[in-house]
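Remarks on the structure that follows.
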Amino acid sequence: MLKKLLPVAFTMAFCLSAPATADEADIRKLMEAKLGAKVESVTKSGYLGLYEVYADGNIFYTDEKMSAIMVNGQLIDAKTMRNVTEERMRKLTAIRFGDLPLDRAIKQVRGDGKRVLATFEDPNCGYCKRLAKDLLKLDNVTVYTFLLPILSEDSVRKSKQIWCSSDRAKAWNDWMVEGKAPSGRDDCDTAAVTKNQEFGRKLNITGTPTMFFADGERIPGAIPLTRIEQKLGQVK
């Protein structure tokens with residue numbers, strides 16, 4: 001939907017007029033009318049009098065007069081050099097870990113398995129293969145891997161073959177780590193793969209890998225193992 005929103009958003013910068021004393025409710029109403037999308041939240045950003053508008057999985061910024069709209073911009077705190085937009089996106093896209101349909105994931109337990117991590121991955125994703133190798137180095141963790149084929153039809157076929165394997169974890173690691181392609185059947189009950197695709201769209205997951213930690217925080221991309229360990233250590 002973002003591609004549809006962009007031209008509209010830039011047009012808004014020239015044609016919108018908000019009340020002189022616009023508040024969050026006014027901005028929400030105008031943004032929803034112009035974007036044609038539900039606005040999840042409107043909050044003051046704390047910078048330059050800008051409001052943060054979260055809609056359709058994206059953050060927009062506007063002033064109280066809505067004289068301009070900032071799209072795809074990154075708000076950086078000049079004093080600390082923190083990426084404020086990135087931090088806010090992690091909070092706004094967080095979920096309840098317990099709401100994940102864990103029965104549709106490949107479960108791997110190492111050590112005491114107390115720490116938990118969920119990943120959404122495509123079997124033909126190069127970054128996912130790098131992540132798979134790193135995750136094998138973790139101890140005392142339970143990893144839930146959701147098969148999310150989004151790259152090609154071959155990704156769908158491989159996902160179904162892995163899901164149909166008698167040992168899904170082994171089939172996954174054989175392919176992702178060892179490069180041994182799955183060769184079994186793909187005609188078992190693969191509803192889990194289809195439902196994962198639907199669930200991925202619901203969560204607005206547009207790239208793999210995407211990780212979720214126990215506190216519900218979402219982190220896209222294959223981040224370094226040290227950062228994963230750090231995050232797992234922070235979550236109680």
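The values are calculated or read from the model by the stated rules, or taken from the named source; none is laboratory data. Nothing here was measured: the structure is a model prediction, and the numbers come from that model. With ideal geometry, Cβ positions are generated from the backbone for all residues, glycine too; neighbour counts draw on all protein chains shown.
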(message) Take the residues in segment 101-125 that are of a type in the set (Gly, Ala, Ser) and not in a strand (DSSP E or B); name whichever of them is modelled with the highest pLDDT.
(response) Ala105
(request) Identify the single condition in (1) out of contact with any helix residue (DSSP H, G or I) (no Cβ under 7 Å at 6 or more places or on another chain); (2) outside the structural domain of Ala191 (by TED's automatic domain parsing); (3) of a type in the set (A, V, I, L, M) that Ile69 does not satisfy, given that it satisfies every other one. (result) (1)
(request) State which residue is modelled with the lowest pLDDT when the search covers only segment 207-236 and only residues that are surrounded by fewer than 17 Cβ atoms within 10 Å (Cβ to Cβ), touching a helix residue (DSSP H, G or I) at 6+ places or on another chain (Cβ under 9 Å) and more than 22 Å from Asp99 (Cα to Cα). (result) Ile223
(message) Residue under question is Ser183, and the condition is that it be surrounded by fewer than 16 Cβ atoms within 10 Å (Cβ to Cβ), outside any helix (DSSP H, G or I) and touching a helix residue (DSSP H, G or I) at 6+ places or on another chain (Cβ under 9 Å); does it hold?
(response) yes
(request) Please identify the pairs in which a residue from segment 119-141 that is at positive phi has its Cβ atom under 9 Å from the Cβ atom of a residue that is charged (D, E, K, R), counting only partners at least 6 apart or on another chain. (result) Asn140/Arg110; Asn140/Asp112; Asn140/Lys114; Asn140/Arg115
(message) Looking for something at pLDDT 95 or above and of a type in the set (A, V, I, L, M, F, W, C) - is there at least one such residue anywhere in segment 91-100?
(response) yes
(message) Among the residues in segment 75-89, are any within 19 Å of the chain's Cα centre (by Cα), closer than 30 Å to Phe120 by Cβ and modelled with pLDDT under 80?
(response) yes
(message) Can you find a residue that is surrounded by fewer than 18 Cβ atoms within 10 Å (Cβ to Cβ) and either among the polar types (S, T, N, Q) or under 30 Å from Glu40 (Cα atoms) (or both) anywhere in segment 151-164?
(response) yes
